[in-house]
Structures are given as C-alpha cells and as structure tokens.
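Written out below as structure tokens is the structure these notes cover.
Since every read-out is calculated from the coordinates, none of them should be taken as a lab result. Nothing here was measured: the structure is a model prediction, and the numbers come from that model. A quick note on method: Cβ atoms are made from the backbone with ideal geometry, for glycine too, and the neighbour counts reach across all protein chains shown.
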Amino acid sequence: MGRHHEVRAAAMARTGKIKSALYARASREAYMAARQGSPDPKTNLALRAVYEKYRGKSVPRDVFDRAIKKAQGGDAVAYVEGRYEAFGPAGSLLIIDTLTDNPNRALVEVRTQVVRKGGHLGSVIFNFTQLGVLAFKGNNRDEVEEALILGDVDVQSVEQDEDLVVVLVSPDSFAKAKEVLEGLGVTEYEEAEIRMEANEYIDIPEEEKTKFQELVDGLDELEDVQNVYHNVNL
C-alpha cells in the first residue's frame, strides 16, 4: 500500500509551493546530468533517466530545456548531495535526500521541519532497501513478471494496483528491466527511478497521520530537498 501510494501521489496535483520545489528538483538533476555529458537525452543516459523520473509528475519540458541551456553556459553551480535520516511522529521513519549549493542551509531547514513536528534526526537507514521502481499503466502483471524472469532480471516483486503494474528490481537490474519492458511495448512510466523503499510500511493514528503529512509536505516544499522516503501508509 505504501509504495503504491507513493507512485500515485507523484502524479497528483500539488500545492503551488510543492510544485515549485518539484520543478526546482527536476531542474537541478537535469543540470547535473547535462554537465556530466551530452545535452541530448538520447545519448546521455543519466539525462534520459531524469526525464523519465519526472515524466509522470507533470514537469514541463521547458524546465529541463532551461536547465540544459544553463549547463551549457558559463559558470558551473557547485551542488552537493546530502542525506538525512529522521524519526517522525508515531514511529514513522524518514530518509531525506538533498542537493544544494548551501549544505548548512539544507541541514538547518530539514532539521527544523522534523523537530517542528515532534521528530528528531537519527539513524534509520537499516529499515530501508534501495530498489529500482518501474510503474506503468497496464493490466498484464503475469506477462510482465514472466518476461522479466526470462530476461534474467533480479525481480523483487511485480504487483498489479488497479490500472498500474508496479515492478521492483535490484538496482543493478534497473537498466536491464527497462530493456525487457520496452520489448513489451512499455515506453512511458508513472515512475522510473532507483529509490529507497521501506522494508515494512506502518499504519498510524489519523491525528498523527495529519501531522506526518504536514511534515512530508513541509519537506517537499524546501528548496534543497530532492527526495523524501518514509515507511507510512497514507
């Protein structure tokens, strides 16, 4: 339930602040990918992955175009990656990834958001596993699973969630899984990225769930935050 919610929530309408932060995240990732290789996603696999990651999140094409143009320009922006682990309300666990030109600002703003909702920073990474997530519209779960297994893909699970097929694979099999899926005619994804998945999702009381959702939304609005992973069924 948790991961399915994350897939569907990615494509839902967002508040203005969250949408603005989403565009900024897509722009930074496209900028970084374009700085490291070709500005053409057909030949730059990292840039292509950024496009596919945000395709299901309704990010306009011009956001990527501006980032690529900036990457081809003069002075480079020194972005630094960061990762923060936290305990949230009612036993919730979070991993917050940042990409920023000001690490001190990122730390202070992330910590402030977490503490404001009754949480604190701490080690939770052992409760999560890094997996490749591929979600796309379809009703052919069994066919997909068989093709992936025959294609020698390290499949963790293949699940049908209404009109979505959600595939989890090991990170090393992510590219191979996409090749197999393309052979089945899958060209567009609701989600296609390597991300942290909770080993177990939990249910929390409604009053705490509201507080937790406010925490996640607050983190999503932060300029420096790239990804927020958690273990709560919303």
Based on the Cβ-Cβ distance of T112 and K17, what FRET efficiency does E = 1/(1 + (r/R0)^6) give at R0 = 22 Å, to the nearest 0.05? 0.90
With at most 14 neighbouring Cβ atoms within 10 Å, loop GluC sites (Glu not before Pro) (DSSP) excluded, longest segment of the chain: 1-161
Charges on Cβ only, +1 for Lys and Arg, -1 for Asp and Glu, centred on the Cα centroid of the chain; of T187, V110, L234, which one is farthest towards the dipole's positive end? V110
If the only charges are +1 at each Lys and Arg Cβ and -1 at each Asp and Glu Cβ, what is the size of the charge dipole of the chain around the Cα centre, to the nearest 20 debye? 1100 debye
Measuring from its Cα centre, the range 132-206 shows a charge dipole (+1 at each Lys and Arg Cβ, -1 at each Asp and Glu Cβ) which, in debye to the nearest 20, is 300 debye
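Relative contact order for the range 146-234: what is it in percent, counting Cα pairs under 8 Å that are at least 6 residues apart?
22 percent
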With each label point set 7 Å from Cα along the Cα-Cβ vector, what nm distance links I202 and H120? 1.6 nm
In the structure displayed, which of K57/K117; K42/K117; K70/K117; K19/K70; K70/K178 lie more than 32 Å apart, Cα to Cα? K42/K117; K70/K117
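Rounded to the nearest 0.05, what FRET efficiency do T129 and Q72 have when you use their Cβ-Cβ distance and R0 = 35 Å?
Working: r = 37 Å, r/R0 = 1.05.
In this case the efficiency is close to 0.40.
Please get the size of the charge dipole for the range 104-164, origin at its Cα centre, with Cβ charges of +1 on Lys and Arg and -1 on Asp and Glu, quoted in debye to the nearest 20. If you can, show how the numbers build up before the last one.
Working: 6 positive and 11 negative charges, 196 e Å.
With only Lys, Arg, Asp and Glu charged at Cβ, the dipole is about 940 debye.
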So, with points 7 Å from each Cα along the Cβ direction, the L150-S38 label distance in nm works out to 3.2 nm
